[in-house]
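**Student:** My questions will all concern the structure given below.
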Amino acid sequence: MTPFALEIGVALLMLIVLGAGLIGGDGGRRRTGAITALGLVVLVAAAFTLRPWGSAGGGAFVSDRLARFAKRLFLGSTLIGVLASLSLPGEVFRRRATEYYLLLLSSLLGMMVLASARDLILLFVAFELMSIPLYALAGFRKREPEAVEAALKFFLVGTVSSAVMAYGLSFVYGTAATTALPGVARALEGQPPLLVFGLLAVLAGFGFKIAAFPFHMWVPDTYEAASTPFVAWLSVAPKAAGFVALFRIFLEGVGDQVTLWMPIIAALAAVTIVGGNLMALPQQNVKRLLAYSGIAHIGYMLVGLAAVSASGTAMVLFYLVAYVFANMGAFLVVEVVARSEGTEHLNGFRGLAQRSPLLAVAMLLFLLSLGGIPFVAGFWAKLYVLWAAAEAGLYWLVLLGAILTVVALFYYLVIARRMYIDPPTRPEPIPLAPTMALCVIVCVLGVVVLGLAPSPLVLAALRAASRLF
Amino acid sequence: MTSLALAVLGLPFLAFLLLALAPPLRRHGRGAALVSIAAIGGSLAAALRLWLVPLEATVVRRWEWIPAEDGPLVSVGLYIDPVGLAMLVLVTLVAFLVQVYSWAYLEGETPPSLGRYYTYQSLFAFSMLGLVLAPNFVQMLIFWELVGLCSYLLIGFWYDRPAAARAAVKAFWTTRLGDVGFVTGIVLLWRATGTFDFTALFAAAAAHRLPAGLSLTMFLIYLGAVGKSAQFPLHIWLPDAMEGPTPVSALIHAATMVAAGVFMVTRAFPLFAATPPVLGLIAWVGAFTALLAATMACVETDIKRVLAYSTVSQLGYMMAAAGAAAPQAAFFHLVTHGLFKALLFLAAGAVIHAVGTNDIREMGRLFYALPQTGTVFLVGTLALSGIWPLSGFFSKEAVLAAVWNARLGVPFAMLALTALLTAAYMFRVVFLAFFGDRQPGGHPHDAPAVMAVPLWILAILTVAIGVRGALTGEGGQSAPRWLPAVSLALAAAGIGVALVTYQLRLVSPAALARALGPLDFMARRRYGLDAAAAAVYRGLVFGLSRLIGWVDRYLVDGLVNVLSAWTLRAGDRLRRIQTGRAQDYVYGIAVGFLLLLIASQIWR
């Protein structure tokens, strides 16, 4: 089995979607979406059954356990995102459904290559392939000025950080005299200052992609303005891709030098947790609130990364999966409520428990998971990440992380209070499209099952991370 | 094997999930009842199937739950051994019969509250079965607490009655007090041995590899059983728990949940066996509880409370046997008692259903009005009194033999006296309520078939186990030869006392009470134990609560309010860096990069 099997699959799917869009005409909106979803179902199944081991291009592209774990995550979350997009009202697309799904798929292709890239050039190309469609997608509702503004900001900040990253890469190549990551890792022996400088520039570039503080500024504006199913996906999949690339560049094969990164990433984690949580507090718009809370979650994942250990890395992977279910689920519920109420304000959630009890329970589960309450997935994610940091001796970071979970609970429970304690403004239940219901159910199952039986995924994550060190 | 056991456990859980998550079904009432009854019926069938196949060895299945670096910290799983299987059959059988019985007993309830009742019942069945199947202390604790929660919910089922709500809280509080010991003990045991797992612990105990000085640990674990199985001095919650519906009393507060403490002691017996002082304490407390509760049962006039004190007393019997190093005798009595006490409660429920009062002084000659109920109540009474050849005779004899053989003279005397009192107070109820000369009001009639059939099944089983014991001579091998005669004589004496006092009226009860003056006075006031517990609760707990409340309100809240105000303000300030201008965002990247560089220089 060629190591590119899944990437070839995604490319084929893009061709099929393109063809279907060309011959589809006006009625093609639903069709291209359905074809994309079906194709992704096949690809998810393939990702869990095929064994595309090996490497290509002289080691520039590898398909190892980490890549496989990451690709399953990307494909799975994209499937949920596409399924949720199927229920978007027609005026969002305006006969541009084919473009929407094609852009989504090309970004997905970029992520998948990024997860496998072990060469700086391939890595940069994959990074751009992943990023550029996102700018277009963020401004997809182009008749709405806010969406255009948000997309423009996103694009500007994105290109600047890409430039910073490319600038850093030039230093890396200049010092290491190779673009192959194993060579870069070897060159780190003795910690040449220019190489460290270059890698820090790369870290800043990825800081933008994963939305670490203070590279996060595009996040709230973009999330608020873009269509929510896309945001649900944007808030998880590209971040996961960014983390996998960080593992490849900063941890894989670096050996003892890896402790160099510990204080820097720990500092980044600390400011991200504090910044994200504090800024989420005063938010009244649910999407902005989730945007800032997502930044805080990135901080927790950086805590796991700061442990620079196999278990820390594995726990970031576990965290990512838990986060996919909880965060996507929460965004999807927001979409359902906002579409019915016509507002993304917190007040839209008033009395949801009386209007649509099951939807309220689902949202409560997502919030509890995001808040890290036992026996839902997020609890184990936080516990394991902090555990890994404690093993690495970062006790101050563990303490800080633990304290700020309390702050996080405060704003999550504000939503829960709106749903359960405040009286509803209108009595009728909230309509729920079948595909959307399916997505919410999948997310609830993910959160609950991982919360009750985390061990299979923990072991899988440990296996995926085992070869990095 | 595993899948059957999972079916036993899973069916009630599925029923609970279905009822909890589908409000229309729950509010339908009768539909909810059918779902719940079908689930527990299936569970019973699976349990019987498991039980009928002879078990070669203990089967343990584990699934890793909380992975940790050196082996899983906690697993979940199934621990299947003969004792556990017998317990599974007992629990599913009684739960099934009680749920069927409740169908008719609770016909006056509104559909939503009936649905709520069956939702709790399903959750209870799941919790109790999970407790029985637990392969380690953590899983046992989780289900132990779930069982406690169900008990709370079901005692307070009629939550609009203040007495029921109060009783529910009292039961919860009192058992929690024991649970504090239980949790602490489990953690101490884990610190000493490094495992929660029964198999590993028992292997260590068998090889005498348990660390020394476990007495305090096992005492704390035993405290959990003191609360759950209503041992002195935490027995005070059980009589009040009779505020719940009678079928609940039959299932939870007679046959199954209160036996969980005894079951835990029998399950963990290898560990208790390693700490002889704790074992001795268990026996003494058990025997004392048995006697104390029996005296209180003699003066009680509420039929359900008589049975409740009798349950406390019989739980004391079981604990005494366990303390006398005879867990099999304890378990045997647990099973027989579970059946005939459920029978007595359900029969009492039928009586209450018919006459509309709990007070035995307002009943009389019911045997003629309710011949079926009277017959089965009499069967249960004879079994409880330990009359040959009913099941109670054999299990009681096994307990007495075990205590005698363990050379526990004083506890044996207390238990023997209890046997006499047991027969006396039970026949007091029989003579007052079912015979005598007082005519009850209204036109009481026998219960409908849905209620009568469970009664007859339990009565038949009580007789059948006894007859089987009589035919095979089981249980009595190690007993001294004089014991059956003595035990029968004691029971006969007790019946005699009740006969002359309450039926023939040769001695007036008032004269008897005067003769035993102070004892009667004390027993009527429950030896002041309830009052003492209430005083301790009010004085100590309320006092402490007030102090803590003050500290919380003024010191902690003050601090928290200041901190949260600062946090909110900080959030508001920080929000202002989000200007919305793209150039500021780009500055953010530059600043961030610079900070990274500075950080890397500081921490070289």
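**Student:** Can you work out which of the residues in region A:381-410 that are loosely packed, with under 15 Cβ neighbours inside 10 Å and not aliphatic (A, V, I, L, M) is nearest to A:VAL286 (Cα to Cα)?
**Tutor:** Among those residues, the one meeting the criterion is A:TRP396.
**Student:** Another question about this same structure. When you go through (1) under 23 Å from B:PHE593 (Cα atoms); (2) crowded, with 24+ Cβ neighbours inside 10 Å; (3) in contact with a strand residue (DSSP E or B) (Cβ under 8 Å, 6 or more places away or on another chain) one by one for A:THR179, which number turns out not to apply?
**Tutor:** The one condition A:THR179 does not meet is (2).
**Student:** Sticking with this structure for a sec: Considering only region B:17-44, how many residues are more than 14 Å from chain A (Cβ to nearest Cβ) and not in a helix (DSSP H, G or I)?
**Tutor:** Within region B:17-44, residues that are more than 14 Å from chain A (Cβ to nearest Cβ) and not in a helix (DSSP H, G or I) number 1.
**Student:** Here's another thing I want to ask about it. Can you name the residue in region B:315-337 that is within 17 Å of the chain's Cα centre (by Cα), aliphatic (A, V, I, L, M) and farther than 16 Å from B:VAL285 by Cα and, of all such residues, is surrounded by the fewest Cβ atoms within 10 Å (Cβ to Cβ)?
**Tutor:** So, considering only residues that are within 17 Å of the chain's Cα centre (by Cα), aliphatic (A, V, I, L, M) and farther than 16 Å from B:VAL285 by Cα, the one surrounded by the fewest Cβ atoms within 10 Å (Cβ to Cβ) is B:VAL335.
**Student:** Just wondering, is there one or more residues in region B:295-314 that are surrounded by fewer than 24 Cβ atoms within 10 Å (Cβ to Cβ), closer than 16 Å to B:ALA416 by Cβ, polar (S, T, N, Q) and more than 15 Å from the chain's Cα centre (by Cα)?
**Tutor:** yes
**Student:** Take region B:150-169 and flag every residue that is part of a helix (DSSP H, G or I) and closer than 17 Å to B:PRO247 by Cα.
**Tutor:** The first filter runs over region B:150-169 and keeps only residues part of a helix (DSSP H, G or I), leaving B:150-155, B:162-169.
Scanning region B:150-169 gives B:CYS150, B:SER151, B:TYR152, B:LEU153, B:LEU154, B:ILE155, B:ALA164, B:ALA167, B:ALA168.
**Student:** I need the full set of residues from region B:131-164 which are among the small types (Gly, Ala, Ser) and over 14 Å from the mean Cα position of the chain (by Cα), in order please. Explain how you work it out, then say what you get.
**Tutor:** Pass one, region B:131-164, residues among the small types (Gly, Ala, Ser): B:134, B:148, B:151, B:156, B:163-164.
Matches in region B:131-164: B:ALA134, B:GLY156, B:ALA163, B:ALA164.
**Student:** Residues that are over 17 Å from B:SER36 (Cβ atoms) and outside any helix (DSSP H, G or I): does region B:120-132 have at least one?
**Tutor:** no
**Student:** I'd like the full set of residues that are more than 13 Å from B:LEU238 (Cα to Cα) and either buried (at least 24 other Cβ atoms within 10 Å of the Cβ) or touching a His at 6+ places or on another chain (Cβ under 9 Å) (or both), limited to region B:272-294.
**Tutor:** B:PHE272, B:ALA274, B:ILE282, B:ALA283, B:GLY286, B:ALA287, B:ALA290, B:LEU292, B:ALA294
Rundown of residues vs (1) under 19 Å from A:ALA117 (Cβ atoms); (2) modelled with pLDDT of 90 or more; (3) touching a strand residue (DSSP E or B) at 6+ places or on another chain (Cβ under 9 Å), yes/no style:
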position: A:LEU50; (1), (2), (3): no, no, no
position: A:GLY59; (1), (2), (3): yes, no, yes
position: A:SER77; (1), (2), (3): no, yes, no
position: A:SER85; (1), (2), (3): no, no, no
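**Student:** So in region A:32-73, with the set limited to residues that are touching a residue at least 12 places away in the same chain (Cβ under 8 Å) and of a type in the set (Ser, Thr, Tyr), which one is nearest to A:ALA314 (Cα to Cα)?
**Tutor:** It comes out as A:SER63.
**Student:** Also, quick follow-up: Report, by residue number, each residue of region B:47-69 that is within 14 Å of chain A (Cβ to nearest Cβ) and in contact with a strand residue (DSSP E or B) (Cβ under 9 Å, 6 or more places away or on another chain). Steps first, answer last, please.
**Tutor:** Going residue by residue through region B:47-69, those that are within 14 Å of chain A (Cβ to nearest Cβ) are B:62-69.
Passing the criteria: B:ARG62, B:TRP63, B:GLU64, B:TRP65, B:ILE66, B:ALA68.
**Student:** Does A:SER162 qualify as being assigned to a helix (DSSP H, G or I) and surrounded by 24 or more Cβ atoms within 10 Å (Cβ to Cβ)? Spell out the reasoning first.
**Tutor:** Values: assigned to a helix (DSSP H, G or I): yes; surrounded by 24 or more Cβ atoms within 10 Å (Cβ to Cβ): no.
So A:SER162 fails the test.
**Student:** Continuing with the same structure: In region B:338-391, which residues are at positive phi and surrounded by 24 or more Cβ atoms within 10 Å (Cβ to Cβ)?
**Tutor:** Matches in region B:338-391: B:GLY386 only.
**Student:** Any idea which of B:VAL74, B:VAL60 is of a type in the set (Val, Ile, Thr) and either buried (at least 19 other Cβ atoms within 10 Å of the Cβ) or farther than 13 Å from B:ALA5 by Cβ (or both)? Even if it seems obvious, please write down each step before you answer.
**Tutor:** Numbers: B:VAL60 fails: either buried (at least 19 other Cβ atoms within 10 Å of the Cβ) or farther than 13 Å from B:ALA5 by Cβ (or both).
Only one candidate passes the filter, namely B:VAL74.
**Student:** Hey, among the residues in region B:415-434 that are of a type outside the set (A, V, I, L, M) and touching a Phe, Trp or Tyr at 6+ places or on another chain (Cβ under 6 Å), which one's farthest from B:TRP404 (Cα to Cα)? Steps first, answer last, please.
**Tutor:** Applying the first criterion (of a type outside the set (A, V, I, L, M)) to region B:415-434 yields B:418, B:422, B:425, B:427-428, B:431, B:434.
Then keep just the ones that are touching a Phe, Trp or Tyr at 6+ places or on another chain (Cβ under 6 Å); that gives B:428, B:431, B:434.
Details: B:ARG428: 29, B:PHE431: 32, B:PHE434: 36 Å.
Restricting to residues being of a type outside the set (A, V, I, L, M) and touching a Phe, Trp or Tyr at 6+ places or on another chain (Cβ under 6 Å), the top hit is B:PHE434.
**Student:** Name the helices (runs of 4 or more DSSP H) wholly inside region A:212-259 in which the number of residues that are at pLDDT below 90 is 1 or more.
**Tutor:** Details: elements: A:218-225, A:228-234, A:237-246.
Those helices (runs of 4 or more DSSP H) span A:218-225, A:228-234.
**Student:** Read through the list (1) in contact with a strand residue (DSSP E or B) (Cβ under 9 Å, 6 or more places away or on another chain); (2) surrounded by fewer than 21 Cβ atoms within 10 Å (Cβ to Cβ); (3) within 11 Å of another protein chain (Cβ to nearest Cβ), then give the number of the only condition that A:ASN285 fails.
**Tutor:** Among (1) in contact with a strand residue (DSSP E or B) (Cβ under 9 Å, 6 or more places away or on another chain); (2) surrounded by fewer than 21 Cβ atoms within 10 Å (Cβ to Cβ); (3) within 11 Å of another protein chain (Cβ to nearest Cβ), the lone unmet condition for A:ASN285 is (3).
**Student:** Something else about it: So which residues in region B:195-213 are at pLDDT below 85 and either under 26 Å from the mean Cα position of the chain (by Cα) or β-branched (Val, Ile, Thr) (or both)?
**Tutor:** Scanning region B:195-213 gives a single hit, B:THR195.
**Student:** Ok, one more. Any idea how many residues of region B:576-600 are within 18 Å of A:ALA201 (Cβ to Cβ) and at the interface with chain A (Cβ under 7 Å from one of its Cβ atoms)?
**Tutor:** 11
**Student:** Hey, another quick one. So, in region A:187-202, how many residues would count as being assigned to a helix (DSSP H, G or I) and either free of Cβ contacts under 8 Å to residues at least 60 places away in the same chain or within 26 Å of the chain's Cα centre (by Cα) (or both)?
**Tutor:** If we filter region A:187-202 for residues that are assigned to a helix (DSSP H, G or I), which is where we start, we get A:187, A:193-202.
Imposing the further condition that a residue be either free of Cβ contacts under 8 Å to residues at least 60 places away in the same chain or within 26 Å of the chain's Cα centre (by Cα) (or both) reduces the set to A:187, A:193-195, A:197-202.
Count: 10.
**Student:** In region A:185-206, what count of residues is obtained for those that are surrounded by fewer than 17 Cβ atoms within 10 Å (Cβ to Cβ) and either at pLDDT 90 or above or at the interface with another protein chain (Cβ under 10 Å from one of its Cβ atoms) (or both)?
**Tutor:** 2
**Student:** Sticking with this structure for a sec: Please list, ordered by first then second residue, the pairs with beta carbon atoms under 9 Å, 6 or more apart or interchain, first in region A:240-266 and touching a residue at least 60 places away in the same chain (Cβ under 8 Å), second of a type in the set (Asp, Glu).
**Tutor:** So the pair list comes out as A:GLY255/A:GLU189; A:GLN257/A:GLU189.
**Student:** Looking at B:LEU48, is it of a type in the set (A, V, I, L, M, F, W, C), within 24 Å of the chain's Cα centre (by Cα) and under 19 Å from B:LEU123 (Cα atoms)? Steps first, please.
**Tutor:** Details: of a type in the set (A, V, I, L, M, F, W, C): yes; within 24 Å of the chain's Cα centre (by Cα): yes; under 19 Å from B:LEU123 (Cα atoms): no.
So B:LEU48 does not fit the description; no.
**Student:** Among the residues of region A:399-424, write down those that are without any contact (Cβ under 8 Å) to a residue 60 or more places away in the chain and either of a type in the set (Lys, Arg) or outside any loop (DSSP other than H, G, I, E, B) (or both). Walk me through how you get there before you give the answer.
**Tutor:** Filtering region A:399-424 for residues without any contact (Cβ under 8 Å) to a residue 60 or more places away in the chain gives A:399, A:402-403, A:405-406, A:409, A:413, A:416-417, A:421.
Within region A:399-424, A:LEU399, A:ALA402, A:ILE403, A:THR405, A:VAL406, A:LEU409, A:LEU413, A:ALA416, A:ARG417 qualify.
**Student:** Does any residue of region A:271-280 turn out to be under 30 Å from A:VAL62 (Cα atoms), within 13 Å of chain B (Cβ to nearest Cβ) and either in contact with a Lys or Arg (Cβ under 6 Å, 6 or more places away or on another chain) or surrounded by 24 or more Cβ atoms within 10 Å (Cβ to Cβ) (or both)?
**Tutor:** Narrowing region A:271-280 to residues under 30 Å from A:VAL62 (Cα atoms): none.
No: region A:271-280 contains no residue that is under 30 Å from A:VAL62 (Cα atoms), within 13 Å of chain B (Cβ to nearest Cβ) and either in contact with a Lys or Arg (Cβ under 6 Å, 6 or more places away or on another chain) or surrounded by 24 or more Cβ atoms within 10 Å (Cβ to Cβ) (or both).
The values are calculated or read from the model by the stated rules, or taken from the named source; none is laboratory data. Given the structure is predicted, the values throughout are model-derived calculations rather than measurements. All Cβ positions, even for glycine, are placed from backbone atoms using ideal geometry, and neighbour counts span all protein chains on display.
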